[in-house]
Amino acid sequence: MAEMEMVAEFPSPAGAARWAEVMARFAARLGAQGRRVVLVTSGGTKVPLEARPVRFLDNFSSGRRGATSAEAFLAAGYGVLFLYRARSSFPFAHRFPPQTWLSALRPSGPAHSGLLSLEAEENALPGFTAALRSYQEAAAAGTFMAVEFTTLADYLHLLHAAAQALNPLGSTAMFYLAAAVSDFYVPVSEMPEHKIQSSGGLLQITMKMVPKMLSPLVKDWAPKAFIISFKLETDPSIVINRARNALEIYQHQVVVANILESRQSCVVIVTKDSETKLLLSEEEVGKGIEIEEKIVDNLQSRHTAFICEQN
Ligand code: PMT
């Protein structure tokens, strides 16, 4: 089945048409300013097992890679469309979960003219003020837009809409596909309507393969864009071959290969004719440097070269 028909087979999320318009306006505005725009996908997809779902198939992804990369792309001057799993890591906020600020922030007096005053010990929330400033600067400049997904179906529809929005930008658009997207799903027509009963004994579920969206993305949805997929494995001995395999099949520009346990300190940037290992040293960790800064720095240069080649 053609991939587009496949997307159409999944239930479309509420508001999908409105999101498509908003994303298209965002991309067109930033493109008109001469800014590069990146779609960052982030977090895992949730796959329902029942039509009125009680149970789901989900995965480990925290969204940290996507959120930290979005910050680095903004710092590099990109417009960032952030397509992320609801309640996963969010740029500028993910280092400050509620338990860090609930005890650190105190009301510092009665509200005046509708303004609430809060205070904190200077060292209680390191980086908090800088993160607020960076987020608010991006919001004021209109360079950041976040769009939420929860299920695989939401993701597929919104990815397609985002690709349509970025396609007119040609080679200045980048796709940074860090989300951990399910490879398996249960078609709506084959789902039990009600909660699966444990009284039925052992549970056996047959799931269908989700076609790789990289294929229509590279061929049809945004054929001129700079496209980066990720390859996650738990077995280090196969990850580079799997990354090479993906480049061969989909003919896109870059695969970022990573291993589950070491993903925050080591990745390999794989292209048709190169392999570049990026490592984070203990010293860099101590200084608060994150591997995503290195990934984005590397990819930004490759994107520049790609744009020059296309022109
Ligand atoms: O979120 P964190 O906890 O920080 O972890 C980051 C990460 C490990 C999730 C991230 O670095 C990463 O590797 N993301 C991709 C994980 C993954 O799903 O790998 P994969 O080998 O299954 O998929 C490869 C590529 O195919 C992905 O870029 C994906 O977007 C794409 N894909 C997957 C399924 C599908 N149906 N269509 C696709 O196009």
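The values are calculated or read from the model by the stated rules, or taken from the named source; none is laboratory data. Here the structure is a predicted model, which is why all the values come from computation and not from measurement. Counting neighbours? That spans all protein chains shown, and the Cβs are built from the backbone with ideal geometry, glycine included.
Numbers below:
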| item | result |
| --- | --- |
| Hey, GLU148 more than 16 Å from the ligand (Cβ to nearest atom) and surrounded by fewer than 21 Cβ atoms within 10 Å (Cβ to Cβ) or not | no |
| Selection count where residues are of a type in the set (Val, Ile, Thr), over 17 Å from the mean Cα position of the chain (by Cα) and modelled with pLDDT of 95 or more, scope region 1-46 | 1 |
| Any hit, region 278-293, residues being of a type outside the set (D, E, K, R), closer than 15 Å to MET174 by Cα and touching a residue at least 24 places away in the same chain (Cβ under 8 Å) | no |
| Helices (runs of 4 or more DSSP H) (entirely within region 1-80) containing at least 1 residues that are in contact (Cβ under 8 Å) with a residue 12 or more places away in the chain, touching an Asp or Glu at 6+ places or on another chain (Cβ under 7 Å) and within 16 Å of the ligand (Cβ to nearest atom) | 64-75 |
| Members of region 209-234 found to be surrounded by 12 or more Cβ atoms within 10 Å (Cβ to Cβ) and within 22 Å of ASP58 (Cα to Cα), listed by number | VAL210, PRO211, LYS212, MET213, LEU214, SER229, PHE230, LYS231, LEU232, GLU233 |
| Residues of region 93-102 that turn out to be in contact (Cβ under 8 Å) with a residue 12 or more places away in the chain and either away from the ligand (no atom under 16 Å from the Cβ) or out of contact with any Lys or Arg (no Cβ under 9 Å at 6 or more places or on another chain) (or both), as a count | 5 |
| Qualifying helices (runs of 4 or more DSSP H) (wholly inside region 85-189; at least 2 residues being farther than 26 Å from PRO223 by Cα and of a type in the set (A, V, I, L, M, F, W, C)) | 128-141 |
